[in-house]
1. If each DSSP helix of 4+ residues adds -39,500 (n - 2.57) and the sum is divided by the residues in chain B, what number results at 222 nm, nearest 500 deg cm²/dmol?
2. Taking a threshold of 21 Å on the Cα-Cα distance, which of the pairs A:K43/A:K136; A:K139/B:K54; A:K43/A:K249; A:K114/B:K33; A:K189/A:K213 fall above it?
3. Compare the Cα positions of B:I28, B:C62, B:A3 along the charge dipole of the range B:3-62 (+1 at Cβ of Lys, Arg; -1 at Cβ of Asp, Glu; about the Cα centre) and return the one farthest towards the positive end.
4. Where the centre of each part is set by its Cα atoms, how far does the range A:238-300 sit from the range A:61-86, in angstrom?
5. Mind giving me the nanometre distance, one decimal, between the label points for A:N270 and A:I226, set 7 Å out from Cα along Cα→Cβ?
6. Calculate the dipole size of the protein assembly as shown relative to its Cα centre from +1 charges on Lys and Arg beta carbons and -1 charges on Asp and Glu beta carbons; express the result in debye to the nearest 20.
7. Considering only protein heavy atoms, what per residue accessible area in square angstrom results for chain A with a 1.4 angstrom probe?
8. Modelling each spin label as a point 7 Å along the Cα-to-Cβ direction, I'd like the A:D78/B:E24 distance in nm, to one decimal.
Amino acid sequence: MTNNNEKTEYWRWLEYKKVRPNMDPKKAKIITAGVDVGSVGSKAVIMLDGEIYAWSVMRTGSNSSDSAKKALGWAMEDTGLTLDDFHYIVGTGYGRVNVPMANRAITEIACHAKGANYIWGPTVRTVLDVGGQDVKAIKVDQNGKVVSFLMNDKCAAGTGRGMEVIADLLKIPIEDVGKVSLSVTEEPKPVSSTCVVFAKTEAVGLLRKGWTKEKVIAAYVRAMAIRMSELIEKVGCEKDFVITGGQSKNIGIVDRVEKILGVKRLPVPNLEETGLDPASAGAIGAALFAKALYEKSLNQ
Amino acid sequence: MDAEKCNSCEECINSCPQNALQMEEMFIDLEDKPVAAITEEHRKKIRYTCSSCKPEENKLPCIEACKQNAISCIWKQK
C-alpha cells in the first residue's frame, strides 16, 4: 500500500557505520566492543588493542536488547568478526542492563568521561553530554576519571529528543537546525520553557504571532543553550571543555554555549578517518573499559 | 556523594532521618565497591527531601556523620 500523503520526517537523522580498512582484526591481541544503548541513539564501537576499528550509530528501537544487537551487528558487518571473537564487551547507556552480549554494564557517565579523555586527550576537564533524554555536565581528571557530575534527567527538557520534536514541528531537517538557528540577525528572547510539551505549544504560538521559523528555532536553541550552560556552571566549567552526544553536531547549541560560558570547546577530530565521534564517546569509553577489564582478568 | 572517598562505613545511612540513602555497588577503578548513594525514590526530589535538615547551614546529619568528607551539598538556598 502506498501513501502519497506520507509525511517527511524532519527529525530523522542519518544513521551510519564505518570500518577502517587499514586495520586487521586477525593481528589483534585483544578485541573489545562498547555498546551504548541510549534513549534515542544506539552506538557500537569495536576496538583492536585499544584502537578504534569499526563503529555504528543508529536509532534505538522500542527494545533495548534488539537495538544493542543491531548496533553491534551493523558495526561487525564487513569485519569478518563473530561474537565469539570478542574478548570482552561492555554495555553502557540508558539501556545498558539489556545488552545481552555484554560481559558487564558500566554507567554512561564513567564511559563518557573515559571516551572524552580518549578523543580529546588528557587535558579535557569539563564534558557536556547532551543525550536524547538527559543532559550531563561531567568534571574529569587527566585519566578520564569522573571527579563530579550533574545530571538533568527530569524530562526531555533541552535534550536531543526535544530538538527532534521542534525540528519536526518547524519542518527543518534536524541536521540544519544549528545553521538555521544562527541565521537570525538578532538573537530573539529564548522560549520560556524547554520542556518539549510546553515549548512545542509556545513555538506554535510564536509562529501564529508571525515569527519566522528561523526566529522560533533560534529562541528554542537559545533556551536549550542557556539551560546547558547553567548545568555546566553548577559543576564549574574549567578549561578544555568538550561537548559529546548528538547535540555536539548542532552548531547553534555549541556556538551559544561557548558565548554564554566564554570558553571555546576543543575542536571535533576528523571523524571519517579516526572514528573519534563525539556522539559515540560513551561507546568508545565502554570499549576502553572492556579492554582494561579483560587485561585485569588476565592478571588475576 | 564522592564515591571514591566513601569507605562504606554506612554512618550516613544510619544518620538520615528521611531514609534517603542506601548502599549501592559502584564501578570504581575497575572494581565494584559498595558505596553510599541516594535511593531511586529520593533521587529526583532530593532537594525537598533534604530541606527538612536545613541545608542552608550545611549541617545535614549525613554530612556531619561522614568522616571522609565524601558528602557535600551543592545547591544554594535562595
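The values are calculated or read from the model by the stated rules, or taken from the named source; none is laboratory data. Quick caveat: nothing in here was measured; it's all calculated off a predicted structure. Glycine gets a Cβ as well: all are built from the backbone with ideal geometry, and neighbour counts include every protein chain shown. These accessible areas exclude ligands, DNA and RNA; they are computed on the full protein's heavy atoms, side chains included. Shrake-Rupley method; radii C 1.70, N 1.55, O 1.52, S 1.80 Å.
1. Details: 4 runs with 20 residues, N = 78.
Calculated at 222 nm, the ellipticity per residue is -5000 deg cm²/dmol.
2. Values: A:K43/A:K136 18 Å; A:K139/B:K54 27 Å; A:K43/A:K249 15 Å; A:K114/B:K33 19 Å; A:K189/A:K213 14 Å.
Violating the 21 Å limit, Cα to Cα: A:K139/B:K54.
3. Working it through, the farthest residue towards the positive pole turns out to be B:C62.
4. One Cα centre to the other: 22 Å.
5. With each label placed 7 Å out from Cα toward Cβ, I get 4.0 nm.
6. Approximately 1060 debye in magnitude.
7. Values: 13730 Å² over 300 residues.
Roughly 46 Å² per residue, with all protein chains present.
8. A separation of 4.0 nm, rounded to one decimal place.
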